[in-house]
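Written out below as structure tokens is the structure these notes cover.
The values are calculated or read from the model by the stated rules, or taken from the named source; none is laboratory data. Predicted model, so just to flag it, every value in this text is computed and none were measured. Counting neighbours? That spans all protein chains shown, and the Cβs are built from the backbone with ideal geometry, glycine included. All accessible areas refer to the heavy atoms of the entire protein, side chains included, with ligands and DNA or RNA removed. Shrake-Rupley method; radii C 1.70, N 1.55, O 1.52, S 1.80 Å.
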Amino acid sequence: VASQDWFEKLTLPFQSENVVATGGKVFFYKNFWGNIASFFFFLQWLPLISKIFPFYFWWANFACRKEAYEKVWWLERVQEIQKKLNLYYDAEDCTLSLLLRDSGKIVYVSDAKTYSYPHSSFDNTDRGARQRADFKKIYTYFKQK
């Protein structure tokens, strides 16, 4: 579910030609742990922390230029990366974000908000640790490229 002015806010940065993608906040309203997870995910976008960790967007709240998307994305490529890295979870959104970074700027739009019900596996306490391990594998893979 998107906020009423979500589209306008999320697409405003595209006025700059070097912007290839945007992403915003995703709030979970299924359970307490989902909201805790979203809080820590948002911490990643703080300026100080974003210098350490690469930005990536979630499928639940992003936009990108069609030309940039078509240039870097095809399912076989992502599946090949996932198989090579032996990922526990599908992480297409993280992978696409890192692929798009080479095409231009990705902008975080803090006031573009969506609300989502996380998958039932979000209830599992080990999901966060496994997902962080997968993202670390993906980041390492792209640093080596």
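In the stretch 88-111, which residue that is assigned to a loop (DSSP other than H, G, I, E, B) and open to solvent by less than 30 Å² (accessible area, probe 1.4 Å) is nearest to Trp6 (Cα to Cα)? Ranking the qualifying residues of the stretch 88-111, first place goes to Gly104. If you go through the stretch 54-68 and pick out every residue that is modelled with pLDDT of 75 or more and open to solvent by 100 Å² or more (accessible area, probe 1.4 Å), you end up with 2.
Modelled with pLDDT under 80, of a type in the set (Asp, Glu) and outside any strand (DSSP E or B), is that true of Glu76? So Glu76 passes the test. Kindly check whether there is at least one residue in the stretch 130-137 that is among the basic types (Lys, Arg) and at pLDDT below 80. Scanning the stretch 130-137 turns up at least one residue that is among the basic types (Lys, Arg) and at pLDDT below 80.
Exactly one residue out of Lys84, Lys71, Lys51 is among the basic types (Lys, Arg), under 21 Å from Thr22 (Cβ atoms) and modelled with pLDDT of 80 or more: that is Lys71.
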